[in-house]
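Quick one: the structure is below, questions incoming.
The values are calculated or read from the model by the stated rules, or taken from the named source; none is laboratory data. Because the structure is predicted, anything quoted here is derived from the model rather than measured. When we count neighbours, we look across all protein chains shown, and the Cβ atoms used for this are built from the backbone with ideal geometry, even at glycine. Accessible surface areas use protein heavy atoms only, side chains included; no ligands, DNA or RNA. Shrake-Rupley method; radii C 1.70, N 1.55, O 1.52, S 1.80 Å.
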Amino acid sequence: MATEAPPLQVSNLSVRYGVVPALNDVSIQLREGRILTIIGANGAGKSTLIKTICGLVKPVAGEVRLFGENVVGQSPDLLVAKGLSVVPEGRRLFGEMTLLENLEMGAFSRTDQKAVKRNREHVLDLFPELRDRLSTQAAKFSGGQQQMIAVARALMSDPRVLLLDEPTIGLAPAIVDRIAEIVTTIAQSGVDVLLVEQNAEVALEVADYGYILEGGAIVMGDEADTLAQSAEVQRAYLGI
Ligand SMILES: Nc1ncnc2c1ncn2[C@@H]1O[C@H](COP(=O)(O)OP(=O)(O)OP(=O)(O)O)[C@@H](O)[C@H]1O
Ligand SMILES: [Mg+2]
C-alpha cells in the first residue's frame, strides 16, 4: 500500500528579508494525528516559518508540501480552501466587529451555510465561555478570551491543518492551561496541529514531538519527552 503524503512537509526552506536571512534550509514534517511544536526564542524565525507556510512570505528556496502538493507561490486564500488555517501571532482580531462577525470572517471562503452553522456550533461547544457573547465586540473580551476567539475563528474554515503562532504569550497560567487543553482537543478531533511557541514548557507538554529553531535554522528535533529531558533544552528553554 502506498503511504499517504504527510499533511505538511517543509523541505530545505530558506527565506530572506532583503539581504537579511531569516530562515536557512529548514526542513520539518507534520505527521498525521500528531502535534508538532517548533520552539524558538525572540527573532528565531518562528513567525517567518508560519507566514511562509501559509503563503504570506515567499521563500528564496525550498518547498512547502500540503498533503503532497507543493504550494509555494499559492495565495493564502487558496491555501485556506485547501485545508490550511492559521492563528496568527498577536491574534489579529477585528476588534470593532462582534464575536459572531469575527467567526463569520473565518468562514469567508465557504459557501455551504448549513455546514458553516454546524461548524459554528461545534466551535462554540469547544469554547462554552464564548457562547452567550456572540454580539459582543471582540475588543471587549479579556486577553485569554481574545486568544480563544482567534482559535475559534481559525477553526471556522474547517481546517485539516492548523498552525498556531505563540497562542499562550502574555496569558495568565490558568489561561495557558486552558489553551493547551483546547489544542489537545482540536488534535484529537482529527486536525493536525503545528504549534509555534517560546514557552517550551507548555509546548513540550502539549506536543508529541518538536524541533528547536535557532537563528533561522533547526538545531534539534526529537520526541517531546526526549527534548524535555535534554540538558541543552533544559538550560536554554526550560530554565532548569
Ligand atoms: N518584515 C520583516 N522585514 C525585515 N526583517 C524581518 C521582518 N520580519 C521579521 N524580520 C526579522 O527576521 C527574523 C525572524 O523574525 P520572526 O518574526 O520570524 O521571529 P520570531 O521567532 O517569530 O520572533 P518572536 O518570538 O519575537 O515573534 C528576525 O531577525 C526579525 O527581525
Ligand atoms: Mg513571532
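Return the pairs, sorted by first residue and then second, in which the second residue is surrounded by fewer than 16 Cβ atoms within 10 Å (Cβ to Cβ) and small (Gly, Ala, Ser), the first residue lies in the stretch 107-122 and is without any contact (Cβ under 8 Å) to a residue 60 or more places away in the chain, the beta carbons are less than 8 Å apart, and the residues are 6+ apart or on different chains.
So the pair list comes out as SER109/ALA81.
Go through the stretch 1-20 and count every residue that is within 11 Å of ligand 1 (Cβ to nearest atom) and touching a Ser or Thr at 6+ places or on another chain (Cβ under 7 Å).
Taking the stretch 1-20 first, the residues within 11 Å of ligand 1 (Cβ to nearest atom) are 15-20.
From what is left, the residues that are touching a Ser or Thr at 6+ places or on another chain (Cβ under 7 Å) are 15.
Qualifying residue count, the stretch 1-20: 1.
Please name all residue pairs, on different chains or six or more residues apart, with Cβ atoms under 9 Å, provided the first residue is in the stretch 29-55 and is open to solvent by less than 10 Å² (accessible area, probe 1.4 Å) and the second residue is part of a helix (DSSP H, G or I) and near ligand 1 (Cβ under 6 Å from one of its atoms).
Once the first residue is open to solvent by less than 10 Å² (accessible area, probe 1.4 Å) and sits in the stretch 29-55, its partners that are part of a helix (DSSP H, G or I) and near ligand 1 (Cβ under 6 Å from one of its atoms) give ILE38/LYS46; ILE39/LYS46; GLY40/LYS46.
Residue-wise test of (1) of a type in the set (Asp, Glu); (2) more than 16 Å from ligand 1 (Cβ to nearest atom); (3) modelled with pLDDT under 95.
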{"position": "ASP192", "(1), (2), (3)": "yes, yes, no"}
{"position": "ALA207", "(1), (2), (3)": "no, yes, no"}
{"position": "ALA217", "(1), (2), (3)": "no, no, no"}
{"position": "ALA231", "(1), (2), (3)": "no, yes, yes"}
{"position": "TYR237", "(1), (2), (3)": "no, no, yes"}
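Filter the stretch 101-113 down to residues that are in a helix (DSSP H, G or I) and open to solvent by 40 Å² or more (accessible area, probe 1.4 Å) and give me whichever is farthest from ligand 2 (Cβ to nearest atom). Walk me through how you get there before you give the answer.
Step one: of the stretch 101-113, the residues in a helix (DSSP H, G or I) are 101-106, 113.
Among the residues that remain, those that are also open to solvent by 40 Å² or more (accessible area, probe 1.4 Å) are: 101, 104-105, 113.
On the way: GLU101: 26, GLU104: 27, MET105: 22, GLN113: 35 Å.
It comes out as GLN113.
On to the next question. Can you name the residue in the stretch 56-66 that is of a type in the set (A, V, I, L, M, F, W, C) and within 13 Å of ligand 1 (Cβ to nearest atom) and, of all such residues, is least open to solvent (accessible area, probe 1.4 Å)?
Of everything passing the filter in the stretch 56-66, VAL57 is least open to solvent (accessible area, probe 1.4 Å).
One residue is enough: does the stretch 148-156 have a residue meeting the conditions within 16 Å of ligand 1 (Cβ to nearest atom), modelled with pLDDT of 95 or more and within 24 Å of PRO7 (Cβ to Cβ)? Before the answer, list the steps.
Taking the stretch 148-156 and keeping what is within 16 Å of ligand 1 (Cβ to nearest atom), we get 150.
Now restrict to residues that are modelled with pLDDT of 95 or more: 150.
Still in the running and within 24 Å of PRO7 (Cβ to Cβ): 150.
Yes, the stretch 148-156 contains a residue that is within 16 Å of ligand 1 (Cβ to nearest atom), modelled with pLDDT of 95 or more and within 24 Å of PRO7 (Cβ to Cβ).
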